[in-house]
Amino acid sequence: MLRPKQMTRAVIVGHKDILENTVDALHNGNLFQIEDFVEEDDSYLKIGKPFDNGSELSKQLVKIRSIASLLGVKDNTAEKQSTKAVCTQLDNCLDSLDAELDAHVEKKSMLENELKDVLSTKRDLSPFINIDLDLDLYRGYESLDVFTGHVKEDITPSLSKITSSFELFYDSHSGVIVLFVAREKAAEVTEMLPSFTFKELKVPQLSGVPSRLIADIEGKEAELLGKIDAIEQDIDALKQQYGDFILASNELLSIEVQKSDAPLRIATTESSFLIDGWLPTERYGELEQIVNKATSSRAFIYTQEISKSDVPKVPIEYNNPKVVSPLQEIMNLYGRPTYKEIDPSALIFITFPLLYGMILGDMGYALILATLSIVIKKVVSSDAIKSLMNILIYCQISAFLFGILYGEFLGFPLAGYHGTPGLIPGFETIDLIATPFAGEVIGYPLHRTHLIMTFIVATVFVGLIHINIGYLVGFINEKRKHGIFAAIFEKGSWFVVQLGIFLTVLGYLGMLPIILGAVIFIIGVAMLLKGEGIKGPIELPSILSNSLSYTRIIAVGLSSISIASTVNFIAFGMIWQPGSQIGAMTLFAIVVFIFGHSLNTILSIIAPGLHALRLQYVEFFGKFYEGGGRKYDPFGYIRKYTEEK
């Protein structure tokens, strides 16, 4: 569970006349990850050539994907079809469907271009719609100049000072003017117009009154939209009729093209082939059976020892129980482990929900979020979303348990605290033990708002435990990679350093000779210097900074409590406000209560999740984890729309 699946490197060798059968068997088996062959100049091994049908299959695949894109066909749940039926239908109707769809698309494109021209003309005519003047009258004069445009106000008074020989059409609603003025006065008018923020308008090269032209254009627009809508309905009908066929065809052709192009990843000679790849060791016997059955035992299969240089190339397949597998999504965000590393999925299965729960720690929010997670999990079909919802459910279980410990429900304290009433009548906090921090007293429930210093110290200790688990895992990783001595000096030295610091603190308190802690600390630093070089001692302050980083557990938790308490205070304050109308204020208080807690519920996903994730990625993983492993991606296809019959 703490290691990825053990992998085997296998090589399959055979005569070229069984290559297609071998590729077909490997693809159907979906368990062998082919290692791409890299051709070298001086090697007698060459990259293979695609199978004969590859070119035609690729053309058909491009065509079916183009059809799917034009029709807007997307993945959905559909009944599986037999490959034989799909092949028959593919040969019979692919070309006719492509031609019919092209005709619809081409006609639609022509209509849309025509509609664009119509709308452009309508847009040019719109400014003149309230001016009842034929457009032919706007041009063709020898002694008159015509000004058309927008002005901020009526220009008649200013214009009258320049000349009385003018004709002005003014739309006060839009500020559009059409001005006819004697040509000899045009220069003065041109100088006057900028003071009215004049913006010239281009007059369309049409004949007729704009209002009538626009009415005709709107009729043409409606006609074009109707035709486009009819074509879209025809296209939608094609989608409904052929949607399942397109999905099945795309899957079938993708499989066949994948198999056809497989030789491009394989080493070949004139008469033989060699396929190199990886698979889980537990399935090696299955590989032998599949290949031998497909080739009548004519192919030779053997394993290769995994060398040191091969380790970074080994593909990684997780090996976790079903309950832990959702946490693999968190691992994938950071990077899969390498082959020799411990897989921390099982560790963060415990620590991530634990830290999340410590931060949120409220029964009310936990119940709300758990319910939402279950509903989303039922509604959404995406496996990735389901995994995330499972993680959220784990976190809410933890948050609910800590909510019991903290005695919190939607920001309300369940128990009274030293005279302050709680949510449950008669339930009072039970004081148990005094702490040395600011005179705080631990009891049940744990009131975080009254134990701030205690929680700060406690979260630092939680951080130290978490970090040292990371060092312990790092010790195991180093031992596996480089041996026991490398592990002792690189990771074990951190334990010695911490022990030295602890004993030195006890020495300052007079409980031990201070020299003992100092000597152990110096020994730890020397070991660290040998194991990690100068980088190790430079990172010594990180022990303190990383530990203090865990105080965000109480800080973020208190911010959530503060928001919830404020919402409660405002909402209930409205209900009991003296002299207020109970009905109206109660309704408004309910709105405030629901809105405030809804907002805090969203924050209760984001803030605890992000901070718990940061503590995993930065403080925890930084002590042992490298990541960067390659995903195990077997040659094959998980069929969704087709099946062999």
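The values are calculated or read from the model by the stated rules, or taken from the named source; none is laboratory data. Worth saying up front: this structure is predicted, and the values here are computed from it rather than measured. Neighbour counts are summed over all protein chains in view; Cβ atoms, including those assigned to glycine, are modelled from backbone coordinates with ideal geometry.
Points worth noting:
- Qualifying residue in region 40-50 (condition: crowded, with 16+ Cβ neighbours inside 10 Å and assigned to a strand (DSSP E or B)): no
- Of residues in region 376-392 being among the polar types (S, T, N, Q) and buried (at least 17 other Cβ atoms within 10 Å of the Cβ), the one modelled with the lowest pLDDT: SER387
- Candidates LYS378, LYS322: the one that is among the charged types (D, E, K, R), without any contact (Cβ under 8 Å) to a residue 12 or more places away in the chain and not in a helix (DSSP H, G or I) is LYS322.
- Qualifying residue in region 565-574 (condition: among the polar types (S, T, N, Q), in a helix (DSSP H, G or I), exposed (fewer than 14 other Cβ atoms within 10 Å of the Cβ) and at pLDDT 85 or above): yes
- Complete set of residues in region 1-28 that are part of a helix (DSSP H, G or I) and aliphatic (A, V, I, L, M): ILE18, LEU19, VAL23, ALA25, LEU26
- Residue in region 307-335 that is modelled with the lowest pLDDT, counting only those that are basic (Lys, Arg) and farther than 16 Å from GLU35 by Cα: LYS308
- Hits in region 400-425 - residues which are surrounded by fewer than 15 Cβ atoms within 10 Å (Cβ to Cβ) and either among the β-branched types (Val, Ile, Thr) or part of a strand (DSSP E or B) (or both): THR420, ILE424
- Applying a threshold of 6 Å to beta carbon distances and a minimum spacing of six or more residues, or different chains, the list of pairs starting in region 475-490 at a residue that is farther than 19 Å from ALA526 by Cα and ending at one that is surrounded by 17 or more Cβ atoms within 10 Å (Cβ to Cβ) and charged (D, E, K, R) reads ASN477/GLU341; ARG480/LYS340; LYS481/LYS340.
- Residue in region 208-261 that is farthest from the chain's Cα centre (by Cα), counting only those that are over 25 Å from SER55 (Cα atoms) and basic (Lys, Arg): ARG212
- For beta carbons closer than 7 Å, sequence separation of 6+ or different chains, a first residue in region 228-251 that is farther than 20 Å from ASN92 by Cα and a second that is basic (Lys, Arg) and in a helix (DSSP H, G or I), the qualifying pairs are ILE228/LYS108; ILE231/LYS107; ILE231/LYS108.
- Identification of helices (runs of 4 or more DSSP H) wholly contained in region 426-534 with 1 or more residues that are under 30 Å from GLY407 (Cβ atoms) yields 452-482.
A quick yes/no check of all residues on (1) touching a strand residue (DSSP E or B) at 6+ places or on another chain (Cβ under 8 Å); (2) under 26 Å from SER82 (Cα atoms); (3) at pLDDT 95 or above; (4) surrounded by fewer than 19 Cβ atoms within 10 Å (Cβ to Cβ):
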position: GLN241; (1), (2), (3), (4): no, yes, no, yes
position: ILE246; (1), (2), (3), (4): no, yes, no, no
position: GLU256; (1), (2), (3), (4): no, yes, no, no
position: GLU270; (1), (2), (3), (4): no, no, no, yes
position: ILE275; (1), (2), (3), (4): yes, no, yes, no
position: TRP278; (1), (2), (3), (4): yes, no, yes, no
